[in-house]
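First comes the structure, then the notes that go with it.
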Amino acid sequence: MGDTKEEPKSISAYGPARSTVKGAPLSKDQIEKYNDFFKASLYLSLGMIYLRENPLLKVPLKKEHLKARLLGHFGSAPGQIFTWMHFNRLITKYDLDSIYISGPGHGAPAVLSQAYLEGTYSEVYPVTSEDEEGMQKFFKQFSFPGGIGSHATPETPGSIHEGGELGYSISHAFGAVFDHPNLIALTMVGDGEAETGPLATSWHSTKFLNPITDGAVLPVLHLNGYKINNPTVLARISHKELENLFLGYGYQPYFVEGDDVESMHQAMAATLEHCVVEIRKFQKQARDSGKAFRPMWPVVILRTPKGWTGPRKIDDKYLEGFWRAHQVPITDVHTNPEHLKLLEKWMRSYEPERLFANGKISPELKALCPTGNARMSANPVGNGGIIRKPLKMPDFRNYAIRVEKSASTMDASMSNMALFLRDIMAQNPTNFRLFGPDETESNKLANVYQAGKKVWMGEYFEEDQDGGNLAMEGRVMEILSEHTCEGWLEGYILSGRHGLLNSYEPFIHVIDSMVNQHCKWLEKCLEVEWRAKVASLNILLTAVVWRQDHNGFTHQDPGFLDVVANKSPDVVRIYLPPDGNCLLSCMDHCLRSTSYVNVIVADKQEHLQYLTMEEAVIHCTKGIGIWPQFCTDAGEEPDLVMAACGDIPTHEALAAVDLLLQHFPELKIRFVNVVDLFKLISHVDHSHGLTDEEWTSIFTNDRPIIFNFHSYPWLVHRLTYKRPGSHNLHVRGYKEKGNIDTPLELAIRNQTDRFSLAMDAIDRMPNLHNRGSAAREVLLNDQIKARNEAFETGIDPPFLNQWKWPHTGLWKQTVTKLTS
């Protein structure tokens with residue numbers, strides 16, 4: 001530690017160390033050891049990129065020793081290694097509980113080199129032992145068929161952040177430290193990553209970090225100056241502008257800059273120690289006083305050359321300190337003998353034969369690393385499933401909506417389910433959080449505030465007492481950034497806890513790519529035997545397309561289901577509960593599950609209720625089923641199968657059945673409801689899928705099927721394309737037709753309203769011949785009248801809004817007919 005001084009003005013990455021914090025905490029002997037450790041790490045990083053054989057260069061390097069295909073990124077590795085190894089000293093000195101998050105995860109050689117030197121890598125992959133043979137295998141398997149990826153993938157010990165798609169390191173880090181009061185997440189932020197929107201917003205996460213209940217994030221912004229082929233924005237602005245940027249974000253910036261290795265060791269050691277002491281001081285102040293506050297948390301700004309310690313130029317072209325060092329630094333070593341010699345000279349400059357005697361580092365260098373779970377590569381938080389505790393769950397049946405007569409009771413499914421979430425929150429005060437972009441109240445989930453308010457570490461106004469529901473220690477996380485909410489949730493569950501994200505359906509698309517990346521992470525984890533299962537990522541979508549009539553076309557997009565359906569069936573599930581009791585059953589199931597991305601779609605307004613709790617549990621367990629209370633085909637071949645998936649489509653489909661029976665009471669209609677979307681897929685392609693025999697028993701293989709679907713109709717066609725009788729399947733759903741409408745007008749635009757469904761059914765039943773023409777005409781007239789009334793008054797006709805199922809005892813009548 002040392003006194004703080006005003007930083008110099010240069011923005012060059014070269015020269016002796018320039019730092020805000022002055023001090024010399026390292027002895028000459030320590031500097032020599034850290035320099036050797038740095039060299040050993042850099043050698044391993046280059047070895048992973050280039051070498052297949054001759055791991056210690058015991059014989060002159062030949063192209064036969066090289067990998068045939070060179071892959072990997074070296075440019076960010078030196079800075080990441082430098083940060084990791086100096087933080088190790090502080091882990092040992094202060095007994096820290098820490099993880100490392102690599103924002104520029106493409107620089108995986110840095111992270112992997114530390115895991116190998118700490119011994120963790122050899123523990124989880126014994127074949128890569130700490131000897132010459134193990135090192136050769138360690139080098140070969142990097143970014144190689146049958147090996148591991150070139151980023152900080154799930155195969156990387158200690159990693160919860162892959163770092164391939166940029167922008168999420170800070171939000172993941174904060175998610176990991178929420179409710180982990182002793183954890184420090186050392187987080188490397190690449191200066192390229194810092195240009196992304198998600199990263200820029202996530203700096204605000206300190207406004208939601210409570211120093212009493214939460215840990216801390218120590219960000220290290222790594223200014224190595226270049227992306228793939230361009231300079232980075234933050235590396236080319238003045239010190240003052242950069243300092244003011246972070247002061248404005250609410251951080252205290254500490255600069256460490258230069259390329260002179262010896263002086264940089266002292267500067268980095270002093271700076272990181274100063275930051276750790278500050279973090280602990282803030283936490284002690286808050287915890288001793290019991291009064292949470294928002295300090296100016298430290299951020300380190302590390303400026304070093306890209307590809308630091310490499311050749312400055314090759315063939316008079318810049319390498320170190322320039323964009324060419326980003327990936328494979330020397331690309332033509334197979335075909336250019338001079339460049340092969342240059343690579344060998346560079347690698348030998350790290351003294352592998354001295355530093356890796358007998359294939360491993362000396363005990364003196366090994367002693368620089370923490371031991372056991374204190375190693376950042378071995379921290380259990382980095383394999384969060386190990387420390388995951390099951391949620392304490394109240395019995396969801398206790399929150400049942402009373403249904404005495406199917407399709408006759410109106411109730412608020414979402415508000416009722418919020419009571420269930422409230423009690424989960426109350427029973428898991430450090431293990432469950434609700435995340436959302438400023439929509440918890442709007443989404444009818446405000447009952448949760450009885451158990452936990454919204455976290456808010458900013459300033460407070462008097463009016464906040466009037467329904468603001470803010471608290472410094474809360475359980476609901478809201479910021480108007482879907483990226484940040486999703487990143488927090490991912491970090492929270494990957495570090496061993498549980499959570500739920502709620503969002504308006506149309507704007508969940510903002511995080512399509514994040515969810516896609518998380519799905520890939522989960523799928524890869526299934527292949528890594530030492531990875532323990534984490535809680536599922538649960539997404540609740542509401543404010544759905546069919547009730548966004550008032551907000552207009554921009555708010556009408558149910559296509560997130562298409563995105564999720566593209567992912568591996570091993571890691572994704574989609575549920576569309578038709579009513580409140582099914583919503584409770586689905587939510588209970590999803591919150592208990594592990595290692596999935598679960599998507600639940602349910603509207604937030606009052607809707608008809610169809611099933612008792614007992615019936616709902618059975619229906620959700622099956623995932624699909626015939627609803628006999630709405631059928632007239634018992635024991636006979638149906639004339640028509642009417643199917644629905646989604647709460648509002650179910651309502652309209654049932655109303656269509658009512659219309660058909662009014663005109664053709666003799667019709668044999670079967671009503672089917674789907675709650676688990678993947679039941680539609682063949683069991684060959686998905687473990688939830690029906691067999692063809694099961695499909696035929698429900699849908700038949702020769703009768704017309706009118707399927708009213710919540711989302712885009714082509715998704716159902718895609719899922720069912722090889723089903724028996726699929727040519728008889730006629731799907732109605734959202735067809736990208738919208739405006740400022742009433743619910744009826746919006747449905748008519750997309751042919752999902754009851755009139756359109758009934759007319760479609762008449763057209764599809766050949767047994768009616770021309771008998772249906774009069775009924776069809778009446779239905780069309782009624783549709784036009786209803787639409788005109790909605791257009792004139794601005795609301796749908798009451799007889800539509802207030803529709804209930806009128807056919808009392810219909811199922812009993814059909815049973816009597818069957819048994820007589």
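Starting from residues that are out of contact with any helix residue (DSSP H, G or I) (no Cβ under 9 Å at 6 or more places or on another chain) and among the charged types (D, E, K, R), keep the ones in the range 321-347 and report whichever is farthest from Gln114 (Cα to Cα). It comes out as Glu338.
Annotation note: Cβ proximity below 7 Å between a residue of the range 260-285 that is among the aromatic types (Phe, Trp, Tyr) and a residue that is part of a helix (DSSP H, G or I) and open to solvent by less than 30 Å² (accessible area, probe 1.4 Å) (sequence gap 6+ or interchain) occurs for no pair. Pairs are defined by a Cβ separation below 7 Å, a sequence spacing of at least 6 or placement on different chains, a first member in the range 471-493 that is under 20 Å from Ala216 (Cβ atoms), and a second member that is of a type in the set (Ser, Thr, Tyr) and surrounded by fewer than 23 Cβ atoms within 10 Å (Cβ to Cβ); the pairs so defined are Glu473/Thr213; Thr484/Thr201. Give me the pairs, please: first residue somewhere in the range 618-646 and farther than 23 Å from Leu659 by Cα, second residue anywhere and open to solvent by 10 Å² or more (accessible area, probe 1.4 Å) and among the polar types (S, T, N, Q), beta-carbon distance under 6 Å, and either six or more positions apart or on two chains. Pairs found: Cys620/Ser585. Taken together, the residues in the range 581-599 that are in contact with a helix residue (DSSP H, G or I) (Cβ under 9 Å, 6 or more places away or on another chain) and more than 18 Å from Glu505 (Cα to Cα) amount to 10. Scanning the range 758-797 for residues that are touching a Pro at 6+ places or on another chain (Cβ under 8 Å), under 19 Å from Ala747 (Cα atoms) and open to solvent by less than 50 Å² (accessible area, probe 1.4 Å) returns Ala761, Ala786, Ala790, Asp796.
One line per residue, one yes/no per condition, for (1) in contact with a Lys or Arg (Cβ under 9 Å, 6 or more places away or on another chain); (2) modelled with pLDDT under 95; (3) not in a loop (DSSP other than H, G, I, E, B):
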residue	(1), (2), (3)
Met477	yes, no, yes
Leu480	no, no, no
His483	no, no, yes
Trp488	yes, no, yes
Leu501	no, no, yes
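Could you check how many residues of the range 732-751 are outside any helix (DSSP H, G or I) and open to solvent by 10 Å² or more (accessible area, probe 1.4 Å)? Full working, then the answer.
Here is the first cut: in the range 732-751, the residues outside any helix (DSSP H, G or I) are 732-742, 750-751.
Checking which are open to solvent by 10 Å² or more (accessible area, probe 1.4 Å) leaves us with 732, 735-741, 751.
Of the residues in that region, 9 qualify.
Residues checked against (1) basic (Lys, Arg); (2) without any contact (Cβ under 8 Å) to a residue 60 or more places away in the chain; (3) open to solvent by 20 Å² or more (accessible area, probe 1.4 Å); (4) more than 23 Å from Met613 (Cβ to Cβ):
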| residue | (1), (2), (3), (4) |
| --- | --- |
| Met410 | no, no, yes, no |
| Asn416 | no, no, yes, no |
| Leu421 | no, no, no, no |
| Pro429 | no, yes, yes, yes |
| Thr440 | no, no, no, yes |
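Any idea which residue in the range 82-110 is farthest from Cys369 (Cα to Cα), counting only those that are open to solvent by 10 Å² or more (accessible area, probe 1.4 Å), of a type outside the set (Phe, Trp, Tyr) and assigned to a helix (DSSP H, G or I)? This residue is His106.
Restricting attention to the range 70-96, which residues are over 15 Å from Ser113 (Cβ atoms) and modelled with pLDDT of 95 or more?
If we filter the range 70-96 for residues that are over 15 Å from Ser113 (Cβ atoms), which is where we start, we get 70-71, 89-96.
Across the range 70-96, the qualifying residues are Arg89, Leu90, Ile91, Thr92, Lys93, Tyr94, Asp95, Leu96.
Here the condition is being closer than 20 Å to Asn383 by Cβ, of a type in the set (Val, Ile, Thr), open to solvent by less than 20 Å² (accessible area, probe 1.4 Å) and part of a loop (DSSP other than H, G, I, E, B); of Thr128, Thr187, it holds for Thr128 alone.
Within the range 87-104, residues that are farther than 18 Å from Ala173 by Cα reach partners that are at pLDDT 95 or above and acidic (Asp, Glu) with beta carbons closer than 7 Å, at six or more positions or on different chains, in the pairs Leu90/Glu273.
Beta carbons closer than 6 Å, at least 6 apart along the sequence or on distinct chains, pair a first residue in the range 239-252 that is under 10 Å from Val299 (Cβ atoms) with a second that is of a type in the set (S, T, N, Q) and surrounded by 13 or more Cβ atoms within 10 Å (Cβ to Cβ) for Gly250/Thr206. Give the residue that is nearest to Val124 (Cα to Cα), with candidates limited to residues of the range 526-540 that are surrounded by 22 or more Cβ atoms within 10 Å (Cβ to Cβ) and among the hydrophobic types (A, V, I, L, M, F, W, C). Among those that are surrounded by 22 or more Cβ atoms within 10 Å (Cβ to Cβ) and among the hydrophobic types (A, V, I, L, M, F, W, C), it is Val534.
Do you know which of the residues in the range 364-397 that are part of a helix (DSSP H, G or I) and over 31 Å from the mean Cα position of the chain (by Cα) is nearest to Leu608 (Cα to Cα)?
Going residue by residue through the range 364-397, those that are part of a helix (DSSP H, G or I) are 364-366, 372-374, 380-386, 396-397.
Remaining after also requiring over 31 Å from the mean Cα position of the chain (by Cα): 364-366.
On the way: Glu364: 72, Leu365: 69, Lys366: 67 Å.
Among them, the one singled out is Lys366.
If the condition is being open to solvent by less than 50 Å² (accessible area, probe 1.4 Å), modelled with pLDDT of 95 or more and on the phi > 0 side of the Ramachandran plot, then the range 349-374 contributes only Gly372. Cβ-Cβ contacts under 7 Å between residues 6 or more apart (or on different chains), taken from a first residue in the range 360-374 that is under 25 Å from Asp97 (Cβ atoms) and in contact (Cβ under 8 Å) with a residue 12 or more places away in the chain to a second residue that is acidic (Asp, Glu) and open to solvent by less than 40 Å² (accessible area, probe 1.4 Å), are listed as Leu365/Asp36; Cys369/Glu118. Number of residues in the range 316-348 that are surrounded by fewer than 18 Cβ atoms within 10 Å (Cβ to Cβ), free of Cβ contacts under 8 Å to residues at least 60 places away in the same chain and not charged (D, E, K, R) equals 6.
The values are calculated or read from the model by the stated rules, or taken from the named source; none is laboratory data. All figures in this text were calculated on a predicted structure; none of them were measured in a lab. Neighbour counts are summed over all protein chains in view; Cβ atoms, including those assigned to glycine, are modelled from backbone coordinates with ideal geometry. Heavy atoms of the whole protein, side chains included, go into the accessibility calculation; ligands, DNA and RNA do not. Shrake-Rupley method; radii C 1.70, N 1.55, O 1.52, S 1.80 Å.
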